[in-house]
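See below for the structure under consideration.
The values are calculated or read from the model by the stated rules, or taken from the named source; none is laboratory data. This one's a predicted model, so the numbers in the text were calculated from it and none came from an experiment. All Cβ positions, glycine included, derive from the backbone under ideal geometry; neighbour counts span all protein chains shown. With ligands, DNA and RNA removed, areas are computed over all heavy atoms of the protein, side chains included. Shrake-Rupley method; radii C 1.70, N 1.55, O 1.52, S 1.80 Å.
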Amino acid sequence: MTLIRGSLAFYNIMPVTVCHNIESLRARVKQWRNNNETIAFVPTMGNLHEGHLSLVDIARQKAGRVVVSIYVNPLQFAPDEDFDSYPRTLDDDLKKLQTRGVDLVFTPDSAMIYPHGEQQCSFVEVPVLSHIIEGEFRPGFFRGVATVVLKLFNMVQPDIAVFGEKDFQQLLVIRQMVADLDLPVEIIGGPIKRESDGLAMSSRNNYLGAEEREKSRYLSETLLAFRRQIEKGVAIEQAETSCVKMLESQGFAVDYVTLRQVKSLQKATKDDVGLNNELIILAAAKIGSTRLIDNLKFVIESST
Ligand code: PAF
């Protein structure tokens with residue numbers, strides 16, 4: 001079987017190498033490093049969909065070797081969240097990764113990641129960014145994410161790591177952690193992948209019943225409506241309020257719909273609008289018992 005690197009079109013489907021322990025992961029990575037190969041890493045919690053696979057494709061284009069991790073990280077779930085029911089679909093995930101030219105799938109367990117228990121481990125706290133917006137509704141979430149990502153970086157030692165822009169705040173938290181701690185990893189954001197009706201792809205979409213799935217498209221529609229209002233000159237607070245009402249009228253329980261500066265995620269003010277600044281609308285809302293998040297980046301063209 002021939003395997004031609006660098007062109008997705010010519011990949012043969014080969015069994016993907018799965019590695020459960022850090023020693024064998026490090027041995028494999030060391031071999032690659034000795035051959036001067038670059039390593040791109042895509043951390044995931046499994047239950048892979050096209051959104052994840054598009055990140056793998058980016059990783060594939062950027063480096064000679066691609067490592068994907070699959071680990072449902074207990075440290076980023078609150079006690080009342082869905083850690084136990086989070087879908088674990090390893091066999092399907094491996095089949096999908098085989099088709100995308102992944103070199104190694106790392107599947108650690110909690111004994112390996114948190115040998116003293118997840119409540120007893122050293123942790124990473126990225127200030128400010130971790131405590132606003134999503135952090136207000138999910139205290140401890142970004143601490144859990146930053147901690148596991150740092151640990152995975154130390155295990156895999158990649159040159160590049162790819163994260164989805166759907167979790168935009170997470171991407172910024174990781175970028176800040178990497179900058180603050182001088183980690184030698186380039187962080188790349190991959191664009192959001194959407195279903196044909198606009199719903200951002202997410203493993204949690206599997207929780208939606210038929211009626212909820214039908215309604216879920218209103219989340220991305222609301223982001224577009226918010227942008228249209230801002231472009232028309234509607235005041236930010238008024239646009240926020242009307243978008244919350246739009247979602248509530250479709251049965252959503254809204255955590256936030258908010259317009260922010262894209263670099264800092266600080267609140268956008270009227271001075272940020274109309275200056276060719278890049279802005280982002282972030283939203284989180286529950287439909288039934290499923291919490292969805294989404295975002296939309298855009299630039300307001302100067303009106304002058
Ligand atoms: O985005 C995710 O799937 C998770 O937060 C991550 C980055 C894999 C850390 O557990």
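How charged is the neighbourhood of Asp167? Take every other residue with its Cβ under 11 Å from the Cβ of Asp167, and add Lys/Arg as +1 and Asp/Glu as -1. It would help to have the intermediate numbers written out before the result.
Numbers: positive: Lys166; negative: Glu134, Glu165, Asp294.
Residues close to Asp167 contribute a combined charge of -2.
Between 0 and 90 degrees, the angle of helix 210-232 with respect to the longest Cα principal axis of the chain falls at about 60 degrees. Calculated [222 nm] ellipticity per residue, helices only, for the chain: -11000 deg cm²/dmol; basis is -39500 (n - 2.57) per DSSP H run with n ≥ 4, divided by all residues, nearest 500.
Largest accessible area first, the listed residues Leu224, Leu208, Leu97 line up as Leu224, Leu208, Leu97 when surface is computed with a 1.4 Å probe on the assembled protein chains. Given the C-alpha centroids of region 135-154 and region 233-304, what is the distance between them in whole angstrom? Here the two parts' Cα centres lie 24 Å apart.
Normalised per residue, the accessible area of region 141-208 is 37 Å², obtained with a 1.4 Å probe and no contribution from ligands, DNA or RNA.
Only protein heavy atoms count here; on that basis, with a 1.4 Å probe, His20 has an accessible area of about 100 Å².
Springs join every pair of Cα atoms under 10 Å in this Gaussian network model of the chain, and among Leu152, Leu90, Leu104 the largest mean-square fluctuation is at Leu90.
For region 237-304, the solvent-accessible area works out to 51 Å² per residue, with a probe of 1.4 Å and every protein chain left in place. Each of Tyr256, Met246, Ser289 was scored by the projection of its Cα onto the charge dipole of region 214-304, and the greatest displacement toward the positive side belongs to Ser289; charges sit on the C-beta of Lys, Arg, Asp and Glu.
Using a probe of 1.4 Å, the accessible surface attributed to Ile187 totals some 20 Å² when neighbouring protein chains are kept in position. Taking the chain as the reference, fit the longest principal axis to its C-alpha atoms, fit the long axis of helix 50-62 to the helix C-alpha atoms, and give the angle between the two in degrees, 0 to 90, nearest 10. Roughly 60 degrees between the two axes. The H on the amide N of Thr17, modeled in the peptide plane, is under 5 Å from the matching H of Val105, each at least 5 residues off or on a different chain.
For the chain, report the convex hull volume of the alpha-carbon atoms normalised per residue, in Å³, without decimals. Let's see the in-between values first.
Details: hull volume 45.5 nm³, N = 304.
It comes to 150 Å³ per residue, whole-number rounded.
Farthest towards the positive end of the charge dipole of region 1-142, among the residues Gly101, Val128, Pro74, is the Cα of Gly101, using unit charges on the Cβ of Lys, Arg, Asp and Glu. Taking other residues whose beta carbon is less than 13 angstrom from the beta carbon of Pro79, and scoring Lys, Arg as +1 and Asp, Glu as -1, yields -4. The count of lysine pairs in region 212-304 whose Cα atoms are under 22 Å apart, excluding pairs fewer than 8 places apart on the same chain, comes to 14. Between Leu25, Leu219, Gln266, the Cα set farthest toward the positive side of the dipole of the chain (charges on each charged residue's Cβ, about the Cα centre) is that of Leu25.
What's the magnitude of the charge dipole for the chain around its Cα centre, counting Lys and Arg as +1 and Asp and Glu as -1 at the beta-carbon? Answer in Debye, nearest 20.
Details: 34 positive and 39 negative charges, 149 e Å.
Using Cβ point charges on Lys, Arg, Asp and Glu, the chain gives about 720 debye.
Largest to smallest in accessible area, the residues Glu231, Glu165, Glu136 fall in the order Glu136, Glu231, Glu165 (1.4 Å probe, all protein chains included).
Taking only protein heavy atoms and a 1.4 Å probe, the accessible area of region 227-294 is 47% carbon and sulfur.
Sort 51-58, 190-197, 112-119, 286-293 by packing, meaning the average of other beta carbons within 10 Å per residue, with the highest value first.
Values: 51-58: 22.0, 190-197: 15.2, 112-119: 13.4, 286-293: 18.1.
Highest to lowest by the protection proxy: 51-58, 286-293, 190-197, 112-119.
The convex hull built on the alpha-carbon positions of region 72-175 has an orientation-averaged projected area of 7.5 nm².
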